[in-house]
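Taking it in order: structure first as structure tokens, then the write-up.
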Amino acid sequence: METILDVKKIMEHLPHRYPFLLVDRIVSIEPEKKIKALKNVTFNEPFFQGHFPGLPVMPGVLIIEAMAQAGGVLASSSLPKEKQSRLVFYFMGIDKVKFRKPVIPGDQLLLEVELLKIRSNAAKMAGIATVDGQIVAEAQMMASIGEK
């Protein structure tokens, strides 16, 4: 898949940094509509040390966080350029969360997020995470929009 935004450009939209930046690249984006992003899951991830020793499984909350970060890039890209660097998105809530399959080292998460609604102080999105075409998690997410 072609890279639309690399990690350096992603960091212009998100405040997250290692080890909590969970989006490696953006492969497609339609501001105000949808985004597709990738997260490469490697055994070197710090959470695998304790989740679970001998049976490494990516925590579900981090899969949802990766979707939310992709949604943050989408929401940021949907705002006027002059506002993008001044605003930050805070996770506000999640609904309709489902975990379908475990995510393990070597998997590549495809994060697809659709912007359902955006206002001056909040955004609502729906996301699906897949590995090799199979849904591993899905959720609806809400974020508040604030000044940095």
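Values in this text are rule-based calculations from the coordinates and carry no lab data. For clarity, every value in this text was computed on a predicted model and none was experimentally measured. Cβ placement follows ideal geometry from the backbone for every residue including glycine, while neighbour counts extend to all protein chains displayed.
Subtract the Cα-Cα distance of Glu114 and Gln84 from 0.36 nm times their separation in residues, and report this length gain in nm to one decimal.
Between Glu114 and Gln84, full extension yields 8.9 nm more.
Go through Met58, Met142, Ile128 and say which Cα lies farthest out towards the positive end of the charge dipole of the stretch 32-148; charges sit on Cβ, +1 for Lys and Arg, -1 for Asp and Glu.
Met142
Using 0.36 nm per residue, how much length does the chain from Asn44 to Val7 gain when fully extended, once their Cα-Cα distance is taken away? Mind showing how you got there, number by number?
Values: separation 37, 0.36 × 37 = 13.32 nm, distance 1.78 nm.
Residue separation times 0.36 nm, minus the Cα-Cα distance, leaves 11.5 nm.
Counting other beta carbons within 10 Å of each Cβ, put Lys81, Lys101 in order, fewest first.
Least crowded to most crowded, the residues run Lys81, Lys101.
Taking only Cα atoms of the chain, what ratio of Rg to Rh do you get with Rh as the Kirkwood inverse-distance radius?
Values: Rg = 14.6 Å, Rh = 15.3 Å.
Dividing the radius of gyration by the Kirkwood radius yields 0.95.
Would you kindly calculate the mean projected area, averaged across all directions, of the convex hull enclosing the Cα atoms of the stretch 38-80, in square nanometres?
On the way: hull surface 13.6 nm².
If you wrap the Cα atoms of the stretch 38-80 in a convex hull and average its projections, you get 3.4 nm².
Name the residue from Val41, Val73, Leu110 whose Cα lies farthest towards the positive end of the charge dipole of the chain, charges +1 on Cβ of Lys and Arg and -1 on Cβ of Asp and Glu.
Working it through, the farthest residue towards the positive pole turns out to be Val73.
Assigning unit charges at the beta carbon (Lys, Arg +1; Asp, Glu -1) and nothing else, what dipole magnitude in debye, to the nearest 20, does the stretch 1-136 show about its Cα centre?
On the way: 18 positive and 14 negative charges, 86 e Å.
Computed charge dipole of the stretch 1-136: roughly 420 debye.
Near Lys34, which lysines are there with a Cα under 16 Å away, not counting those fewer than 8 places off in the same chain?
Lys117, Lys124
List the longest stretch of the chain that has no exposed loop site; here a site is one of the chymotrypsin sites (Phe, Trp or Tyr not before Pro) assigned by DSSP to anything other than H, G, I, E or B, with at most 15 other Cβ within 10 Å. Can you show the working numbers first?
On the way: sites that count: Phe20, Phe43.
With a cap of 15 other Cβ atoms within 10 Å, the longest stretch comes to 44-148.
Please go through the residue pairs Lys8/Lys96; Lys8/Lys98; Lys33/Lys98 and name each one whose alpha carbons sit more than 29 Å apart in this structure.
Working: Lys8/Lys96 32 Å; Lys8/Lys98 31 Å; Lys33/Lys98 22 Å.
Listed pairs above 29 Å: Lys8/Lys96; Lys8/Lys98.
Once you treat every alpha carbon in the stretch 2-77 as an equal point and sum by Debye, what is log10 I(q)/I(0) at q = 0.14 Å⁻¹?
Log-scaled intensity ratios, in q order: -0.45.
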